[in-house]
Amino acid sequence: MQNTMPLLTPPPAQPVRGDKRRLFVLTLAVMLVFAAVAGWTAVHPDAYSPARAGCVTVTIPSTTGGALLHRCGPQAKAMCRAAFAHRDRLSILTRPSCRAAGLG
């Protein structure tokens, strides 16, 4: 009677057919999840999307690397009025976003 240790026995030469099928199904499921997330993000833009009418989003330099200024409606109009009334760096950075939103 031969006494072998399970960890020292060689693995099967080829994976079992069921293992291949499980791997295929798992890979397909992961791909479908990624495709669903990509489709959802393409259709549902976030709250800071620059494409929204009447909204202005500006990325400005900050001590932490960058800051995001986002205004909509009357606040965006006031921000754009100030941007076109002044010549400082922040105003100059704000103007293209104001023009794109139709506020400048």
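The values are calculated or read from the model by the stated rules, or taken from the named source; none is laboratory data. Values in this document were obtained by computation on a predicted structure and should not be read as measured data. Cβ: placed from backbone, ideal geometry, glycine included. Neighbour counts: every protein chain shown.
Which of the residues spanning segment 65-104 are farther than 10 Å from Cys55 by Cα, part of a helix (DSSP H, G or I) and out of contact with any strand residue (DSSP E or B) (no Cβ under 7 Å at 6 or more places or on another chain)?
Across segment 65-104, the qualifying residues are Ala78, Arg81, Ala82, Ala83, Phe84, Ala85, Arg89, Ser91, Ile92, Arg95, Pro96, Arg99.
Return the only residue of Ala42, Ala35, Ala51, Ala13 being out of contact with any Asp or Glu (no Cβ under 7 Å at 6 or more places or on another chain) and modelled with pLDDT of 80 or more.
Going through Ala42, Ala35, Ala51, Ala13 in turn, just one is out of contact with any Asp or Glu (no Cβ under 7 Å at 6 or more places or on another chain) and modelled with pLDDT of 80 or more: Ala35.
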